[in-house]
Amino acid sequence: MPALLHLAGGMLEMDNKQEKTVQDLMVPLNACRTIPTESPINEAVLLLKRVVLQSRAGAVQPLVVLDGSVPVGLLKVSHLLDLARLPLPGGKSYGGWTVSDCQEEPPSYVGLFSHRLQEMSGKKVREVMRPFPVHLRPRDNLSRAVYLMSRYGFEILPVSKNGRVVGLLRDKELFLEMGRILAGG
């Protein structure tokens, strides 16, 4: 007989099949493109450019940032594009411009994009990457993994055991597992 679980005032019937865990779906570090923390941004842009040009689907997986051999965060195309925009001010005035509401579009002009790119060219990956906010454990259930990825906006999270990273869980593997389950497999 299937097990029952109380969930949000209702009953959820659990199948007798064992649901996979994080360790069943995690991939080795070498399954992801990586870049060292001390690499210049220019190198990251060139690496991501190659990934974009090779991708037929258009989606670009982020780079896993390594401190030595330890994954410490992600670098996404959106992180780099954020550097190219004019920062919004904390106050009402910025660089001589009056900004009445931070919801407004910041001032823009011809040459700003190139200027911001020149400013960022001296930065290192560690200055732009987003550190991993949490680590998963190998025996974590998939609902926890989905929750943490969604909560923190990360497509990849490290999987740690005894304080050591033993793999990575990507949204790709979670999506493929979703497809397998929905297809009746």
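The values are calculated or read from the model by the stated rules, or taken from the named source; none is laboratory data. Quantities reported herein were computed from a predicted structural model and do not represent experimental measurements. Note that we place each Cβ from the backbone using ideal geometry, even for glycine, and neighbour counts take in every protein chain shown.
Before moving on, here are some points about what is shown:
- Check on N16, under 26 Å from L169 (Cα atoms), at pLDDT below 60 and not in a strand (DSSP E or B): yes
- All positions within region 63-109 that are at pLDDT below 85 and part of a strand (DSSP E or B): S93, Y94, W97, T98
- The set of residues in region 112-149 being assigned to a helix (DSSP H, G or I) and hydroxyl-bearing (S, T, Y) consists of S114, S143, Y147.
- Members of region 150-176 that are in a helix (DSSP H, G or I) and within 11 Å of V22 (Cβ to Cβ): E173, L174
- Search result, residues across region 129-157 that are in contact with a strand residue (DSSP E or B) (Cβ under 6 Å, 6 or more places away or on another chain) and among the charged types (D, E, K, R): R130, R139
- Among the residues of region 128-144, those identified as touching a Ser or Thr at 6+ places or on another chain (Cβ under 9 Å) and either under 15 Å from V22 (Cα atoms) or not hydrophobic (A, V, I, L, M, F, W, C) (or both) are H135, L136, R137, P138, R139, D140, N141, L142.
- Residues within region 136-185 that are β-branched (V, I, T), more than 17 Å from P71 (Cα to Cα) and either crowded, with 18+ Cβ neighbours inside 10 Å or free of Cβ contacts under 8 Å to residues at least 12 places away in the same chain (or both), tallied: 1
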